[in-house]
Amino acid sequence: ALQGRTRILSWALVDDRGRKIVDVLEAETDAAERALLGRFFDAVREIDVLLAWSGEGFDFPVLQQRSHALRVRMSNGNAPIWNRWCWLDAMAVYKKYNQAHDSGEERASFSLNAIANHILGEGKDEFDSSRTWQAWKAGGEERERLARYNLRDTELMPMIEAKTGFVA
């Protein structure tokens with residue numbers, strides 16, 4: 001997966017102004033994936049800090065490797081400049097500050113769902129993430145469920161931040 005061979009099927013964004021965007025791969029081609037990733041970089045062009053839950057372990061390396069492998073360009077024709085953004089793993093931030101600022105109790109799980117339920121009393125949408133490819137391939141309602149699942153994950157992080165202030 002981390003050798004740049006895993007196709008990116010979807011991305012979602014919630015910014016500090018409340019703008020929400022979710023985008024899904026339109027076809028199983030490099031050209032469609034290149035366009036999907038180009039739209040991502042256009043959407044984050046004015047953002048300084050990019051957060052992802054467990055981003056260092058999956059999202060960030062996969063995004064960088066696929067973008068490099070596909071020679072992704074933004075709408076202005078430029079390649080993404082990786083050090084233009086601060087790539088921040090929200091789970092790593094939570095783990096660091098949980099011990100210092102929370103009750104000090106150990107979390108049995110640092111999954112986004114477990115932390116969201118602990119902090120917010122609500123969690124992720126029901127979706128078997130091990131079947132992401134199958135949901136995308138099925139199209140229709142299954143693909144829409146995948147998009148909603150991705151967006152919900154993205155919505156939870158600013159809600160957790162609003163309660164904890166750990167990123168700030």
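Quick notes
- Here is the figure for segment 119-162: residues that are charged (D, E, K, R), closer than 18 Å to Y94 by Cβ and surrounded by 12 or more Cβ atoms within 10 Å (Cβ to Cβ) total 5.
- Only one of R45, R39 that is open to solvent by 50 Å² or more (accessible area, probe 1.4 Å), part of a helix (DSSP H, G or I) and charged (D, E, K, R): R39
- The set of residues in segment 6-29 that are assigned to a strand (DSSP E or B) and β-branched (V, I, T) comprises V14, I21, V22, V24.
- Residue pairs whose Cβ atoms lie under 6 Å apart, separated by 6 or more positions or on different chains, with the first residue in segment 47-76 and of a type in the set (S, T, N, Q) and the second in a helix (DSSP H, G or I) and open to solvent by less than 70 Å² (accessible area, probe 1.4 Å), are S54/M91; S67/L37; S75/D42.
- Candidate set: segment 48-86, residues that are in contact with a Lys or Arg (Cβ under 7 Å, 6 or more places away or on another chain) and either more than 21 Å from E26 (Cα to Cα) or in a helix (DSSP H, G or I) (or both); chosen: the one most open to solvent (accessible area, probe 1.4 Å): A79
- R34 vs. criteria modelled with pLDDT of 95 or more, open to solvent by 70 Å² or more (accessible area, probe 1.4 Å) and not hydroxyl-bearing (S, T, Y): yes
- The one condition in (1) surrounded by fewer than 18 Cβ atoms within 10 Å (Cβ to Cβ); (2) free of Cβ contacts under 8 Å to residues at least 40 places away in the same chain; (3) touching a strand residue (DSSP E or B) at 6+ places or on another chain (Cβ under 6 Å) that D15 fails to fulfil: (3)
- Within segment 1-56, being closer than 24 Å to G140 by Cβ and β-branched (V, I, T) holds for T6, I8, I21, V22, V24, T29.
The values are calculated or read from the model by the stated rules, or taken from the named source; none is laboratory data. What you are looking at is a predicted structure, and each value in this text was computed from that prediction instead of being measured. Here Cβ is always computed from backbone atoms with ideal geometry, including for glycine, and neighbour counts include all displayed protein chains. With ligands, DNA and RNA removed, areas are computed over all heavy atoms of the protein, side chains included. Shrake-Rupley method; radii C 1.70, N 1.55, O 1.52, S 1.80 Å.
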